[in-house]
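First up is the structure itself, then whatever we jot down about it.
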Amino acid sequence: MTIVVPTLESPAAVRAPRPRSRRPGPGLAAILIPLVACLYVGVVILLPAVSVVASAFAKGLGPFLENFQSHELISALRLTLFATAVAVPCNVIFGLAAATAIARRQFRGKALLLSVIDLPFSISPVVVGLMLVLLYSPSHGLLGGVIESLGWKIIFSWPGIVLATIIVTFPFMAREVIPLLEEEGWEQEEAARTLGATNWQVFWKVTLPSVRWAALYGLILTTARALGEFGAVAVVSGNIEGLTQTLPLFVEDAYKNYQTELAFGAAMVLGGVAIVSLLLKLLVEQLLEQDKKAARIEP
Amino acid sequence: MTPALLRRWRPPTLALPSWPWRITWTYLGLILFLPLGAMLLRAAEVGPVGFWEMATTPEAIATYKVSFGLALVASVINGVFGLVVAWALVRCRFPGQRLLDALIDLPFALPTAVAGLALTAVYSTNGWLGQPLNEAFGLKVAFAAPGVTVAMVFISLPFVVRTVEPVLRSLEKEQEEASWCLGATPLQTTLRVVLPQLLPAILGGVAQGYSRAVGEYGSVVMISSNVPFRDLITPTLIIQKLEEYDFDAATVIGAVMLIFSLLSLLVINLLQVWGQRYQGDAA
């Protein structure tokens with residue numbers, strides 16, 4: 001029965017390796033790694049976040065709500081919401097246009113163009129603000145003369161704040177939508193076109209529904225960043241209390257002027273928005289994952 | 001007959017690009033290229049000699065040391081701990097994992113001013129962590145260089161984790177199993193089989209985080225004391241120059257930072273290409 005056939009494997013079977021190299025099961029590493037990870041994230045991220053909430057509500061809900069009687073805080077909140085309300089739709093239109101234009105074609109310089117769109121991620125926000133000042137400042141800007149003769153005011157006014165917000169947030173949308181469109185291929189759109197749909201109809205009825213979750217994800221990221229932008233806005237706004245002060249600028253200003261409660265109140269508003277956007281992001285991520293799976297199965 | 005005639009009569013079209021292309025280029029031109037051009041033009045007006053002089057004043061050099069040096073420290077710390085966090089998220093199962101996963105994205109979502117306020121509150125000498133650190137080691141974190149580093153660590157942590165995580169997840173288990181079967185210890189397997197495959201992702205994440213940390217303003221300006229030659233970062237120096245109406249100096253230092261951003265973008269792209277090649281070989 002047990003005839004040992006001398007095969008090539010048999011020497012190896014004789015010198016079988018000792019089973020010392022188990023798969024790293026529940027050993028020391030399996031406890032240590034999560035522990036270190038949790039401690040690190042706890043100290044670096046969780047503790048500061050909790051401290052904002054604790055400081056904002058340190059004296060209870062009443063004093064926290066009293067912060068909202070401050071005119072400066074309300075006007076800062078209003079300006080931030082306004083800048084976001086202008087910047088986000090502009091960037092959504094650009095993002096979708098750029099995605100439909102770029103994703104469906106292979107051309108020389110495509111990687112370069114994508115890098116160019118990514119530029120605002122790697123340029124310091126302060127440099128973005130500086131660029132706007134050098135372009136539009138009435139005294140030193142390249143177009144300063146033109147702007148002044150038209151009677152416009154861009155720097156130290158709301159158009160500058162909106163422009164700064166637009167620049168730092170425009171890549172998000174395109175970045176989220178392009179990969180999905182590239183993965184999906186474009187048979188469906190061709191089908192729609194051969195059936196006589198116009199470009200607009202194809203975009204509205206075929207392309208947009210297929211990338212809806214990615215677009216929504218991009219929209220959330222754009223909005224969260226637009227609400228919180230600090231560096232670029234700090235350079236162009238002039239930080240005039242009650243006029244050109246956005247909510248993030250208000251947080252810094254109040255803190256530096258020892259109005260700690262106001263600072264934490266305003267920070268809590270922004271932090272609350274950030275947490276809501278994170279929760280929405282988690283939700284949309286799951287929907288996006290489903291869409292991606294569907295896109296992979298379909299072709 | 002007439003439509004056919006018209007078609008024949010149409011002059012040779014210059015083939016205007018489609019609407020999406022027109023929107024893309026117009027928008028990019030107005031929003032990105034125009035300001036970028038204005039700045040490069042202003043920087044060119046200064047002339048090479050003036051540029052070099054203003055870019056290398058002792059004051060500017062001191063801020064480069066703070067910005068680029070501390071960002072390097074922060075990125076190295078995040079390179080190590082980011083890998084640990086990514087490993088914990090992918091390879092381990094433990095309670096609170098979902099929370100940990102969600103927390104990683106907080107620095108992306110939280111406005112930098114709020115992050116700066118939070119870190120200053122925690123690490124100042126009467127804060128939750130600042131007080132014990134100060135009493136035990138005499139270490140002053142907020143309003144000094146360590147505080148700047150902490151802020152940079154905070155904002156650049158997600159880059160490493162989120163870059164390493166998908167690569168770690170997509171690694172083929174067979175290679176590690178083969179390594180174990182051949183008698184390697186878990187440590188050897190990790191160092192010789194897993195880490196080399198993760199290296200492009202780790203470096204890519206570190207480079208992205210570094211680039212972000214160098215340019216960061218909002219959170220750092222709040223936790224730093226902004227004293228020149230001690231913990232003043234380059235973006236803050238640009239703003240100070242603007243406030244002094246020294247537009248030339250601001251432009252030159254801004255151009256230095258811009259050149260750095262372009263270089264880092266190049267490095268990050270090269271690292272990505274390298275990583276893809278690695279994955280291509282593995283598959």
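Of all the listed residues (A:V36, A:V86), the sole one being β-branched (V, I, T) and either closer than 16 Å to B:L106 by Cβ or free of Cβ contacts under 8 Å to residues at least 60 places away in the same chain (or both) is A:V36.
Filtered by the rule that a residue be surrounded by 14 or more Cβ atoms within 10 Å (Cβ to Cβ), of a type in the set (D, E, K, R) and under 25 Å from A:I161 (Cα atoms), the range A:242-276 gives A:E252, A:D253. Looking only at the range B:237-247, which residues are surrounded by fewer than 22 Cβ atoms within 10 Å (Cβ to Cβ) and assigned to a helix (DSSP H, G or I)? Selection gives B:I239, B:Q240, B:E243, B:F247. Checking B:A201, B:A178, B:A250, B:A213 one by one, the residue that is in a helix (DSSP H, G or I), under 23 Å from A:F230 (Cβ atoms) and more than 9 Å from chain A (Cβ to nearest Cβ) is B:A213 and no other. As a summary of the residue check, B:L232 satisfies the conditions (1) in contact with a helix residue (DSSP H, G or I) (Cβ under 9 Å, 6 or more places away or on another chain); (2) part of a helix (DSSP H, G or I); (3) more than 8 Å from chain A (Cβ to nearest Cβ); (4) among the hydrophobic types (A, V, I, L, M, F, W, C) except for the one numbered (2). Name the helices (runs of 4 or more DSSP H) wholly inside the range A:79-170 in which the number of residues that are closer than 30 Å to A:G242 by Cβ is 3 or more. Result: A:125-136, A:144-149, A:158-169. If the condition is being without any contact (Cβ under 8 Å) to a residue 60 or more places away in the chain, more than 12 Å from the chain's Cα centre (by Cα) and within 10 Å of chain A (Cβ to nearest Cβ), then the range B:263-272 contributes B:L263, B:L266, B:N269. When the residues of the range A:117-159 are narrowed to those that are aliphatic (A, V, I, L, M) and surrounded by fewer than 16 Cβ atoms within 10 Å (Cβ to Cβ), which ends up farthest from the other protein chains (Cβ to nearest Cβ)? Looking at the filtered set, the residue picked out is A:L150. Of the residues making up the range A:189-241, those that are hydroxyl-bearing (S, T, Y), within 22 Å of the chain's Cα centre (by Cα) and surrounded by fewer than 23 Cβ atoms within 10 Å (Cβ to Cβ) are A:S210, A:T223.
Considering only residues in the range B:61-95 that are facing another protein chain (nearest Cβ under 7 Å) and more than 20 Å from the chain's Cα centre (by Cα), the one that is nearest to A:P34 (Cα to Cα) turns out to be B:A88.
Quick one: is B:F159 buried (at least 17 other Cβ atoms within 10 Å of the Cβ) and either within 11 Å of chain A (Cβ to nearest Cβ) or assigned to a helix (DSSP H, G or I) (or both)? For B:F159, the condition - buried (at least 17 other Cβ atoms within 10 Å of the Cβ) and either within 11 Å of chain A (Cβ to nearest Cβ) or assigned to a helix (DSSP H, G or I) (or both) - is met. Against the condition acidic (D, E) and under 27 Å from B:V214 (Cα atoms), how does A:E229 come out, does it pass? The answer is yes for A:E229.
Residues in the range B:82-126 that are farther than 19 Å from B:G209 by Cα, of a type outside the set (V, I, T) and surrounded by fewer than 20 Cβ atoms within 10 Å (Cβ to Cβ): B:R91, B:C92, B:R93, B:F94, B:P95, B:G96, B:Q97, B:R98, B:L99, B:S124, B:N126. None of A:L287, A:L279, A:L283 is surrounded by fewer than 19 Cβ atoms within 10 Å (Cβ to Cβ) and touching a residue at least 12 places away in the same chain (Cβ under 8 Å) except A:L287.
FYI, it's all coordinate maths here, none of it is from the lab. These figures come from a predicted structure and were not determined experimentally. So basically every Cβ, Gly included, is an ideal-geometry build from the backbone, and we count neighbours across all protein chains shown.
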